[in-house]
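To keep things clear, I will list the structure first and then write my remarks on it.
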Amino acid sequence: MAGLFETTLVICAVIFLIVATAVVYNVWRFRSCGETSEPRQSHGYKKLEIAWTAIPAAIVLVLLIMTASVMSKTVPDSDPPPKADLTIIAHQWWWEARYAASGARAANEIHIPVGKRWVVQLLSADVIHDFWAPSLGPKMDIVPGHPNCIWVEADQPGEYMGACAEFCGAQHAWMRFTVVAQPEADFNAWQQRQLQPIATNSTAVAGRRVFEQFVCANCHSINGLSTNATAGPDLTHLGGRQTIGAGVISNSFDNLVRWLKDPQAIKPSCLMPSFNLTDQQAGQLALFLEGSP
Ligand code: CUA
């Protein structure tokens, strides 16, 4: 894709240079020399007219062929639908990731093995969103009731930024995600970690009680506690994520406490209500949630 862009850019730059040079030359060459009578008029020059029709048509045809051949390589054939390695479900306003082979789940931080071309299925839980990780693949709309597929591939390990690229409501701007491309072994270790239940050591007990008391499980899954809710992100390994609220604040203990006390102050209109937790309850809950990286 980058190659296509560069080739197109070079062709357009050459055309621009030729046209600009011709304009400047003609403006100078045929400038007014103080004559008062009208210059000699000429009408039509067939060879030139054929040339300036045929050459641009040929250039456009070449660009069309190049574009069509690249397009066929950016999106998998949807008939029959390919088996997806990863399903991404867009929600207002966060990203859910489900890994087909392992059953692992994640939110807003999508890990993939480096050097593998993955088939990613895109689903929406509510409105139209658009999955866009510019360095890794094409941009694709996510339409409710109409599964789309793309390939996502990273040649180099690293973190790649992504965002929702279709206006989807008040917090469209805070629907960010990170794709973490890792060597196969690291990726598998990460997947295994996601499958582990949440740690329930002694520091977590009080927070776990707050989680149950406020019925957070209505919206959030936690491995080992409740696993059916998908209205909000799976929180089992929240501690391992870099941000809270799909990019809106960095993930630290203090920020998580702030978020738990009043998510609406940080991400207005997000679907998580403010439960008016006390400082103590929010602190306990944050300890419980941050405990499992
Ligand atoms: Cu989702 Cu914009």
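The values are calculated or read from the model by the stated rules, or taken from the named source; none is laboratory data. Note that the coordinates shown come from a computational prediction; the quantities given were computed from them, not determined experimentally. Methodologically, a virtual Cβ is constructed for each residue, glycine included, from the backbone with ideal geometry; neighbour enumeration extends over all protein chains shown.
Against the condition out of contact with any Pro (no Cβ under 6 Å at 6 or more places or on another chain) and free of Cβ contacts under 8 Å to residues at least 24 places away in the same chain, how does SER102 come out, does it pass? Considered against the rule, which asks whether it is out of contact with any Pro (no Cβ under 6 Å at 6 or more places or on another chain) and free of Cβ contacts under 8 Å to residues at least 24 places away in the same chain, SER102 comes out as no. The residues of the range 170-209 that are β-branched (Val, Ile, Thr), in a helix (DSSP H, G or I) and out of contact with any Leu (no Cβ under 7 Å at 6 or more places or on another chain) amount to a single one, VAL205.
Take the conditions (1) in a helix (DSSP H, G or I); (2) over 30 Å from ALA106 (Cα atoms); LYS73 misses just one of them, which is (2). Only one entry in PHE167, PHE131 is in contact (Cβ under 8 Å) with a residue 12 or more places away in the chain, among the aromatic types (Phe, Trp, Tyr) and either within 16 Å of the ligand (Cβ to nearest atom) or part of a helix (DSSP H, G or I) (or both), namely PHE131. The single condition from (1) at pLDDT below 85; (2) touching a helix residue (DSSP H, G or I) at 6+ places or on another chain (Cβ under 6 Å); (3) not small (Gly, Ala, Ser) that LEU225 fails is (2). Looking across the range 217-240, the residues that are crowded, with 18+ Cβ neighbours inside 10 Å and touching a residue at least 40 places away in the same chain (Cβ under 8 Å) come down to SER221, GLY232, PRO233, ASP234, LEU235, THR236, HIS237, LEU238, GLY239.
Taking the range 66-104, which residues are within 16 Å of the ligand (Cβ to nearest atom) and among the small types (Gly, Ala, Ser)?
Of all residues in the range 66-104, those within 16 Å of the ligand (Cβ to nearest atom) come to 88-97.
Listed by number, the residues that qualify are ALA90, ALA97.
So which of ILE142, ILE110, ILE150 ends up being buried (at least 18 other Cβ atoms within 10 Å of the Cβ), within 14 Å of the ligand (Cβ to nearest atom) and either aromatic (Phe, Trp, Tyr) or not in a loop (DSSP other than H, G, I, E, B) (or both)?
Numbers: ILE110 fails: within 14 Å of the ligand (Cβ to nearest atom); ILE150 fails: within 14 Å of the ligand (Cβ to nearest atom).
Among ILE142, ILE110, ILE150, only ILE142 is buried (at least 18 other Cβ atoms within 10 Å of the Cβ), within 14 Å of the ligand (Cβ to nearest atom) and either aromatic (Phe, Trp, Tyr) or not in a loop (DSSP other than H, G, I, E, B) (or both).
Of the residues in the range 248-261, how many are farther than 17 Å from ASN108 by Cα and surrounded by fewer than 16 Cβ atoms within 10 Å (Cβ to Cβ)? Adding up the residues that qualify gives 2.
Surrounded by 12 or more Cβ atoms within 10 Å (Cβ to Cβ) and either on the phi > 0 side of the Ramachandran plot or in contact (Cβ under 8 Å) with a residue 60 or more places away in the chain (or both): is that true of THR87 in this structure?
Working: surrounded by 12 or more Cβ atoms within 10 Å (Cβ to Cβ): yes; either on the phi > 0 side of the Ramachandran plot or in contact (Cβ under 8 Å) with a residue 60 or more places away in the chain (or both): no.
When the stated conditions are applied, THR87 does not pass them.
Does ALA97 count as over 17 Å from the mean Cα position of the chain (by Cα) and closer than 30 Å to ILE249 by Cβ?
Values: over 17 Å from the mean Cα position of the chain (by Cα): no; closer than 30 Å to ILE249 by Cβ: yes.
Judged against the criteria, ALA97 is not a match.
Only one entry of VAL24, VAL75 meets the criterion of being free of Cβ contacts under 8 Å to residues at least 24 places away in the same chain and hydrophobic (A, V, I, L, M, F, W, C), and that entry is VAL24. Contact annotation: residue pairs with Cβ atoms under 8 Å, 6 or more positions apart or on different chains, pairing a residue in the range 181-195 that is of a type outside the set (Val, Ile, Thr) with a partner that is assigned to a helix (DSSP H, G or I), are GLN182/TRP190; ARG193/GLY240.
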